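Encoded as C-alpha coordinates, the structure appears first; notes follow it.
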Amino acid sequence: MSAQEMVNVTSTGSAGSSRGAGGARGGGGKTGSTGSVRNDRDAGGGAVSLKNYVSDTVVMTGRVLKHTLRSVDTIITVIAMPVAMLLAMVYLFGGAMKLGAANYVNYAVPGILLICIGSGIAYTAFRLNSDVTQGIFERFHSMPIAKSSILGGHVVTSVVFNAVSVIVVLLVGLLVGFRPHTTLACALLACVILLVFTIAMTWIAVTSGLLAKSPEASGIFSYLLLGLMFVSSGFAPTDSMPAGLRAFAANQPMSPVINSVRSLLVDGKVTGAVWIALAWCVAIWVVFQAVALWAYRRRLH
(Lines give C-alpha, C1' and ligand atoms only; values in the text may rest on other atoms or scores of the structure.)
Protein backbone atom coordinates (compact mmCIF):
# COMPACT_ATOMS: atom_id res chain seq x y z
CA MET A 1 0.00 0.00 0.00
CA SER A 2 1.38 3.40 -0.96
CA ALA A 3 1.65 6.32 1.45
CA GLN A 4 -1.14 8.13 -0.43
CA GLU A 5 -3.47 5.14 -0.08
CA MET A 6 -2.69 4.83 3.63
CA VAL A 7 -3.42 8.50 4.24
CA ASN A 8 -6.71 8.16 2.33
CA VAL A 9 -7.65 5.20 4.50
CA THR A 10 -6.74 7.14 7.65
CA SER A 11 -8.78 10.17 6.59
CA THR A 12 -11.92 8.15 5.95
CA GLY A 13 -13.91 8.76 9.15
CA SER A 14 -15.70 5.85 10.70
CA ALA A 15 -14.51 3.30 8.17
CA GLY A 16 -10.93 4.14 9.05
CA SER A 17 -11.78 3.95 12.75
CA SER A 18 -13.28 0.50 12.45
CA ARG A 19 -10.30 -0.71 10.48
CA GLY A 20 -7.95 0.73 13.09
CA ALA A 21 -9.91 -0.94 15.87
CA GLY A 22 -9.97 -4.21 13.92
CA GLY A 23 -6.21 -4.01 13.45
CA ALA A 24 -5.73 -3.49 17.17
CA ARG A 25 -7.87 -6.54 17.94
CA GLY A 26 -6.37 -8.60 15.12
CA GLY A 27 -3.93 -11.47 15.35
CA GLY A 28 -0.26 -11.16 16.13
CA GLY A 29 0.93 -12.24 12.68
CA LYS A 30 -0.56 -9.25 10.92
CA THR A 31 0.70 -6.79 13.51
CA GLY A 32 4.16 -8.27 13.44
CA SER A 33 4.31 -7.94 9.66
CA THR A 34 3.34 -4.28 9.79
CA GLY A 35 5.79 -3.64 12.59
CA SER A 36 8.70 -5.15 10.66
CA VAL A 37 7.98 -3.03 7.61
CA ARG A 38 7.65 0.07 9.78
CA ASN A 39 10.98 -0.59 11.48
CA ASP A 40 12.66 -0.97 8.11
CA ARG A 41 11.30 2.40 7.02
CA ASP A 42 11.97 4.46 10.13
CA ALA A 43 14.05 2.53 12.63
CA GLY A 44 15.78 4.96 14.95
CA GLY A 45 15.16 7.78 12.50
CA GLY A 46 18.09 6.66 10.33
CA ALA A 47 16.69 3.89 8.11
CA VAL A 48 14.46 6.10 6.00
CA SER A 49 15.76 6.87 2.53
CA LEU A 50 15.58 10.41 1.18
CA LYS A 51 13.21 9.22 -1.56
CA ASN A 52 10.79 7.72 0.98
CA TYR A 53 10.96 10.80 3.21
CA VAL A 54 10.26 13.18 0.31
CA SER A 55 7.40 11.08 -1.10
CA ASP A 56 5.79 10.65 2.32
CA THR A 57 6.16 14.37 3.11
CA VAL A 58 4.51 15.26 -0.22
CA VAL A 59 1.58 13.01 0.64
CA MET A 60 1.25 14.44 4.14
CA THR A 61 1.49 17.98 2.77
CA GLY A 62 -1.29 17.24 0.28
CA ARG A 63 -3.48 15.90 3.08
CA VAL A 64 -3.04 19.00 5.28
CA LEU A 65 -3.48 21.36 2.31
CA LYS A 66 -6.81 19.72 1.46
CA HIS A 67 -8.04 20.24 5.01
CA THR A 68 -6.85 23.87 4.92
CA LEU A 69 -8.52 24.70 1.61
CA ARG A 70 -11.79 23.20 2.83
CA SER A 71 -11.81 25.47 5.89
CA VAL A 72 -13.53 28.75 5.07
CA ASP A 73 -12.72 30.03 8.56
CA THR A 74 -9.00 29.53 7.93
CA ILE A 75 -9.07 31.37 4.61
CA ILE A 76 -11.03 34.29 6.09
CA THR A 77 -8.74 34.64 9.10
CA VAL A 78 -5.43 34.15 7.30
CA ILE A 79 -6.12 36.19 4.15
CA ALA A 80 -9.22 38.36 4.55
CA MET A 81 -8.38 39.70 8.02
CA PRO A 82 -4.87 40.98 7.16
CA VAL A 83 -6.29 42.58 4.00
CA ALA A 84 -9.03 44.27 6.04
CA MET A 85 -6.42 45.43 8.56
CA LEU A 86 -4.27 46.85 5.76
CA LEU A 87 -7.24 48.81 4.40
CA ALA A 88 -8.08 50.09 7.89
CA MET A 89 -4.50 51.15 8.56
CA VAL A 90 -4.30 53.00 5.26
CA TYR A 91 -7.71 54.67 5.07
CA LEU A 92 -8.65 55.07 8.75
CA PHE A 93 -5.34 55.68 10.51
CA GLY A 94 -2.94 56.57 7.72
CA GLY A 95 -4.03 60.21 7.53
CA ALA A 96 -3.46 60.67 11.26
CA MET A 97 0.19 59.58 11.05
CA LYS A 98 2.85 62.23 10.63
CA LEU A 99 4.24 60.21 7.74
CA GLY A 100 1.21 61.17 5.64
CA ALA A 101 -1.36 58.81 4.12
CA ALA A 102 0.57 58.10 0.92
CA ASN A 103 3.85 57.23 2.66
CA TYR A 104 2.08 55.32 5.41
CA VAL A 105 1.08 52.55 2.97
CA ASN A 106 4.75 51.81 2.36
CA TYR A 107 5.44 52.06 6.08
CA ALA A 108 2.60 49.72 7.18
CA VAL A 109 2.79 46.92 4.61
CA PRO A 110 5.81 45.10 6.18
CA GLY A 111 4.02 44.99 9.54
CA ILE A 112 0.85 43.67 7.90
CA LEU A 113 2.89 40.91 6.23
CA LEU A 114 4.11 39.71 9.63
CA ILE A 115 0.57 39.78 11.04
CA CYS A 116 -0.52 37.74 8.02
CA ILE A 117 2.11 35.11 8.86
CA GLY A 118 1.29 35.23 12.58
CA SER A 119 -2.38 34.52 11.82
CA GLY A 120 -1.51 31.65 9.49
CA ILE A 121 0.73 29.72 11.84
CA ALA A 122 -1.99 29.65 14.52
CA TYR A 123 -3.92 27.28 12.29
CA THR A 124 -0.85 25.10 11.91
CA ALA A 125 -0.86 24.56 15.67
CA PHE A 126 -4.62 23.94 15.63
CA ARG A 127 -4.51 21.34 12.85
CA LEU A 128 -1.49 19.56 14.34
CA ASN A 129 -3.04 19.39 17.80
CA SER A 130 -6.28 18.10 16.29
CA ASP A 131 -4.32 15.21 14.76
CA VAL A 132 -2.69 14.52 18.12
CA THR A 133 -5.83 14.69 20.28
CA GLN A 134 -8.12 12.85 17.84
CA GLY A 135 -5.85 9.83 17.51
CA ILE A 136 -4.68 10.47 13.93
CA PHE A 137 -1.05 10.48 15.09
CA GLU A 138 -1.38 6.99 16.51
CA ARG A 139 -2.75 5.72 13.21
CA PHE A 140 0.10 7.27 11.26
CA HIS A 141 2.66 5.84 13.70
CA SER A 142 1.32 2.34 13.00
CA MET A 143 1.90 2.76 9.25
CA PRO A 144 5.11 2.02 7.33
CA ILE A 145 5.85 5.68 6.60
CA ALA A 146 8.66 8.05 7.57
CA LYS A 147 7.58 9.35 10.96
CA SER A 148 9.36 12.67 10.37
CA SER A 149 7.09 13.27 7.37
CA ILE A 150 4.11 13.67 9.71
CA LEU A 151 5.54 16.91 11.09
CA GLY A 152 7.08 17.75 7.71
CA GLY A 153 3.65 17.87 6.08
CA HIS A 154 2.42 20.46 8.57
CA VAL A 155 5.57 22.58 8.24
CA VAL A 156 5.55 22.59 4.42
CA THR A 157 1.83 23.37 4.34
CA SER A 158 2.38 26.32 6.68
CA VAL A 159 5.14 27.72 4.46
CA VAL A 160 3.11 27.28 1.25
CA PHE A 161 -0.13 28.68 2.64
CA ASN A 162 1.57 31.66 4.28
CA ALA A 163 3.49 32.40 1.07
CA VAL A 164 0.19 32.56 -0.84
CA SER A 165 -1.40 34.82 1.77
CA VAL A 166 1.63 37.15 1.76
CA ILE A 167 1.40 37.44 -2.03
CA VAL A 168 -2.31 38.29 -1.79
CA VAL A 169 -1.64 41.02 0.80
CA LEU A 170 1.16 42.45 -1.36
CA LEU A 171 -1.13 42.57 -4.39
CA VAL A 172 -3.82 44.38 -2.41
CA GLY A 173 -1.13 46.70 -1.07
CA LEU A 174 -0.14 47.60 -4.63
CA LEU A 175 -3.76 48.41 -5.39
CA VAL A 176 -4.03 50.83 -2.44
CA GLY A 177 -0.75 52.65 -3.08
CA PHE A 178 2.15 50.47 -1.94
CA ARG A 179 5.08 51.42 -4.16
CA PRO A 180 8.28 49.44 -3.55
CA HIS A 181 11.54 51.05 -4.69
CA THR A 182 13.96 48.16 -4.69
CA THR A 183 16.37 46.05 -6.71
CA LEU A 184 16.06 42.38 -7.62
CA ALA A 185 18.75 41.43 -5.09
CA CYS A 186 17.05 43.35 -2.28
CA ALA A 187 13.64 41.92 -3.17
CA LEU A 188 15.04 38.38 -3.10
CA LEU A 189 16.71 39.03 0.25
CA ALA A 190 13.39 40.32 1.63
CA CYS A 191 11.76 37.08 0.43
CA VAL A 192 14.47 35.05 2.18
CA ILE A 193 13.87 36.91 5.46
CA LEU A 194 10.10 36.36 5.23
CA LEU A 195 10.68 32.67 4.42
CA VAL A 196 13.05 32.11 7.35
CA PHE A 197 10.68 34.07 9.61
CA THR A 198 7.75 31.88 8.50
CA ILE A 199 9.70 28.67 9.18
CA ALA A 200 10.82 29.94 12.60
CA MET A 201 7.26 30.90 13.57
CA THR A 202 5.97 27.58 12.21
CA TRP A 203 8.23 25.63 14.58
CA ILE A 204 6.78 27.66 17.46
CA ALA A 205 3.34 26.59 16.23
CA VAL A 206 4.45 22.95 15.94
CA THR A 207 5.78 23.04 19.50
CA SER A 208 2.51 24.48 20.78
CA GLY A 209 0.49 21.97 18.77
CA LEU A 210 2.40 19.04 20.29
CA LEU A 211 2.32 20.28 23.88
CA ALA A 212 -1.18 21.79 24.16
CA LYS A 213 -3.98 19.76 25.72
CA SER A 214 -6.63 20.83 23.21
CA PRO A 215 -6.85 22.40 19.73
CA GLU A 216 -8.31 25.58 21.21
CA ALA A 217 -5.42 25.99 23.65
CA SER A 218 -2.82 25.34 20.96
CA GLY A 219 -3.33 28.77 19.36
CA ILE A 220 -2.88 30.88 22.50
CA PHE A 221 0.78 31.55 21.63
CA SER A 222 -0.30 33.43 18.49
CA TYR A 223 -1.85 36.19 20.60
CA LEU A 224 1.54 36.79 22.21
CA LEU A 225 3.19 36.96 18.79
CA LEU A 226 0.56 39.35 17.46
CA GLY A 227 1.04 41.50 20.57
CA LEU A 228 4.76 41.70 19.82
CA MET A 229 3.97 42.71 16.25
CA PHE A 230 1.79 45.59 17.40
CA VAL A 231 4.32 46.73 20.02
CA SER A 232 7.02 47.15 17.39
CA SER A 233 8.02 49.45 14.56
CA GLY A 234 5.30 47.90 12.39
CA PHE A 235 2.74 50.69 12.54
CA ALA A 236 4.42 53.58 14.34
CA PRO A 237 8.06 54.67 14.70
CA THR A 238 9.51 53.48 17.99
CA ASP A 239 10.87 57.01 18.55
CA SER A 240 7.32 58.19 19.18
CA MET A 241 6.82 55.72 22.08
CA PRO A 242 7.49 56.32 25.81
CA ALA A 243 11.05 55.52 26.88
CA GLY A 244 10.44 52.12 28.47
CA LEU A 245 8.14 50.91 25.71
CA ARG A 246 10.51 52.29 23.09
CA ALA A 247 13.43 50.25 24.47
CA PHE A 248 11.33 47.08 24.44
CA ALA A 249 9.87 47.68 20.97
CA ALA A 250 13.24 48.44 19.42
CA ASN A 251 14.97 45.35 20.80
CA GLN A 252 12.35 42.62 20.48
CA PRO A 253 12.63 40.30 17.42
CA MET A 254 9.70 41.66 15.39
CA SER A 255 11.11 45.16 14.90
CA PRO A 256 14.35 44.07 13.14
CA VAL A 257 12.36 41.80 10.82
CA ILE A 258 9.91 44.59 9.96
CA ASN A 259 12.68 47.20 9.58
CA SER A 260 14.73 44.92 7.34
CA VAL A 261 11.80 44.09 5.05
CA ARG A 262 10.86 47.78 4.91
CA SER A 263 14.41 48.90 4.07
CA LEU A 264 14.79 46.21 1.39
CA LEU A 265 11.41 46.69 -0.32
CA VAL A 266 10.77 50.41 0.16
CA ASP A 267 14.29 51.87 0.12
CA GLY A 268 16.25 49.16 -1.71
CA LYS A 269 18.95 49.23 1.00
CA VAL A 270 20.67 46.50 3.00
CA THR A 271 20.92 47.81 6.56
CA GLY A 272 22.22 46.30 9.78
CA ALA A 273 18.64 45.30 10.66
CA VAL A 274 18.83 42.61 7.96
CA TRP A 275 21.52 40.63 9.78
CA ILE A 276 19.89 41.16 13.18
CA ALA A 277 16.60 39.89 11.75
CA LEU A 278 18.23 36.80 10.25
CA ALA A 279 20.04 36.09 13.52
CA TRP A 280 16.78 36.30 15.49
CA CYS A 281 14.90 34.09 13.00
CA VAL A 282 17.60 31.41 12.83
CA ALA A 283 17.94 31.34 16.63
CA ILE A 284 14.17 30.95 17.08
CA TRP A 285 14.10 28.29 14.36
CA VAL A 286 16.88 26.21 15.95
CA VAL A 287 15.55 26.46 19.51
CA PHE A 288 11.92 25.67 18.77
CA GLN A 289 12.70 22.94 16.24
CA ALA A 290 14.77 21.23 18.94
CA VAL A 291 11.93 21.60 21.48
CA ALA A 292 9.35 20.37 18.95
CA LEU A 293 11.41 17.28 18.08
CA TRP A 294 11.84 16.53 21.78
CA ALA A 295 8.07 16.78 22.29
CA TYR A 296 7.50 14.64 19.20
CA ARG A 297 9.80 11.88 20.46
CA ARG A 298 7.85 11.85 23.71
CA ARG A 299 4.68 11.32 21.67
CA LEU A 300 6.32 8.46 19.75
CA HIS A 301 7.38 6.65 22.90
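Quick notes on this structure:
- Screening L175 with (1) surrounded by 23 or more Cβ atoms within 10 Å (Cβ to Cβ); (2) farther than 21 Å from V58 by Cα gives one miss only, at (1).
- Candidates S232, S208: the one that is farther than 27 Å from I136 by Cβ and surrounded by 21 or more Cβ atoms within 10 Å (Cβ to Cβ) is S232.
- Single residue of N162, N106 found to be over 14 Å from the mean Cα position of the chain (by Cα), at pLDDT 85 or above, part of a helix (DSSP H, G or I) and closer than 20 Å to C191 by Cα: N106
- Single condition K147 does not satisfy, out of (1) among the charged types (D, E, K, R); (2) buried (at least 19 other Cβ atoms within 10 Å of the Cβ); (3) without any contact (Cβ under 8 Å) to a residue 24 or more places away in the chain: (3)
- Residue check for S218: crowded, with 18+ Cβ neighbours inside 10 Å and among the polar types (S, T, N, Q): yes
- Within the range 155-172, tally of residues that are over 30 Å from N103 (Cβ atoms) and surrounded by fewer than 22 Cβ atoms within 10 Å (Cβ to Cβ): 3
- The range 247-266: number of residues that are closer than 23 Å to M85 by Cβ and over 27 Å from the mean Cα position of the chain (by Cα): 0
The values are calculated or read from the model by the stated rules, or taken from the named source; none is laboratory data. Just so you know, these numbers come straight off a predicted model, no measurement behind them. In this analysis, Cβ positions are derived from the backbone assuming ideal geometry, glycine residues included, and neighbour counts consider all displayed protein chains.
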